[in-house]
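Encoded as structure tokens, the structure appears first; notes follow it.
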Amino acid sequence: MKHYHLKREEQAGIGFTDLFIVKEADFTEAVDNTNQSITLTALAVGDLVMNNSLLEVKTNANVVAAVTGELGVTGSTAALIAASNLLAAGDEYYTVANSVAPYVATSAVNLLFTGNPGTNDNLAEMTAGEFWIWVTISRKADRNVQA
């Protein structure tokens, strides 16, 4: 997994602060029908994840019959983006549902990308797949608003 903290110019141009790139090789779970969460970054109390997150399937997963991915946090793996098909061919984009509010960390948690294989599949079987997760994080430690 790769994590890019975008430069201010990039943030202003595209509206995201962070890009996480997860590939099929990052998934190592070899038990059928067993989820695996990959920690993207740690969130501290007061950190805010905006509700404009985007899951971009750059290269679809293959070999397995079914696999979905979701974006969330420790204890709520689909808090931001619900289970989304990672097998769809071509560039696919999944966004936060309109009803989802920005996520405020009220305890120290991790931002997670979770893979969910089908009943007769496991995540380690994938031989392709590249998933870009774009998020906007306002870290409490970085906020210094003067009134």
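Quick grid of which residues meet (1) of a type in the set (Ser, Thr, Tyr); (2) in contact (Cβ under 8 Å) with a residue 60 or more places away in the chain; (3) within 26 Å of ARG139 (Cα to Cα):
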site	(1), (2), (3)
PHE27	no, yes, no
LEU40	no, yes, yes
ASN51	no, no, yes
THR77	yes, no, yes
LEU80	no, no, yes
SER99	yes, no, yes
LEU111	no, yes, yes
GLY118	no, yes, no
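From the list LEU6, LEU48, LEU43, pick out the single residue that is in contact with a helix residue (DSSP H, G or I) (Cβ under 8 Å, 6 or more places away or on another chain) and more than 14 Å from ILE133 (Cα to Cα). Before the answer, list the steps.
Details: LEU6 fails: more than 14 Å from ILE133 (Cα to Cα); LEU43 fails: in contact with a helix residue (DSSP H, G or I) (Cβ under 8 Å, 6 or more places away or on another chain).
Of LEU6, LEU48, LEU43, the one residue that is in contact with a helix residue (DSSP H, G or I) (Cβ under 8 Å, 6 or more places away or on another chain) and more than 14 Å from ILE133 (Cα to Cα) is LEU48.
For residues in region 1-26 being in a helix (DSSP H, G or I), among the small types (Gly, Ala, Ser) and more than 18 Å from THR114 (Cα to Cα), which is least open to solvent (accessible area, probe 1.4 Å)?
GLY13
Quick one: what pairs do we get from region 128-142, first residue within 15 Å of LEU40 (Cα to Cα) and in contact (Cβ under 8 Å) with a residue 12 or more places away in the chain, second open to solvent by 40 Å² or more (accessible area, probe 1.4 Å) and among the acidic types (Asp, Glu), C-beta under 8 Å, 6+ apart or different chains?
As it stands, the answer is GLU130/GLU24, since those pairs meet every condition given.
Got a sec? Which of VAL104, VAL63 is at positive phi, among the hydrophobic types (A, V, I, L, M, F, W, C) and surrounded by fewer than 20 Cβ atoms within 10 Å (Cβ to Cβ)?
Unique residue meeting the criteria: VAL63.
Please list, ordered by residue number, the strands (runs of 3 or more DSSP E) wholly in region 46-147 having 3 or more residues that are farther than 19 Å from GLU24 by Cα and within 11 Å of the chain's Cα centre (by Cα).
Once the strands (runs of 3 or more DSSP E) in region 46-147 are filtered for at least 3 residues that are farther than 19 Å from GLU24 by Cα and within 11 Å of the chain's Cα centre (by Cα), what remains is 76-85.
The values are calculated or read from the model by the stated rules, or taken from the named source; none is laboratory data. The model shown is predicted, which means the values in this text are computed figures rather than measured ones. Using ideal geometry, Cβ is built from the backbone for each residue, glycine included, and neighbour counts are taken over all protein chains shown. When the accessible area is computed, the model is the full protein with side chains, heavy atoms only, and any ligands, DNA or RNA have been set aside. Shrake-Rupley method; radii C 1.70, N 1.55, O 1.52, S 1.80 Å.
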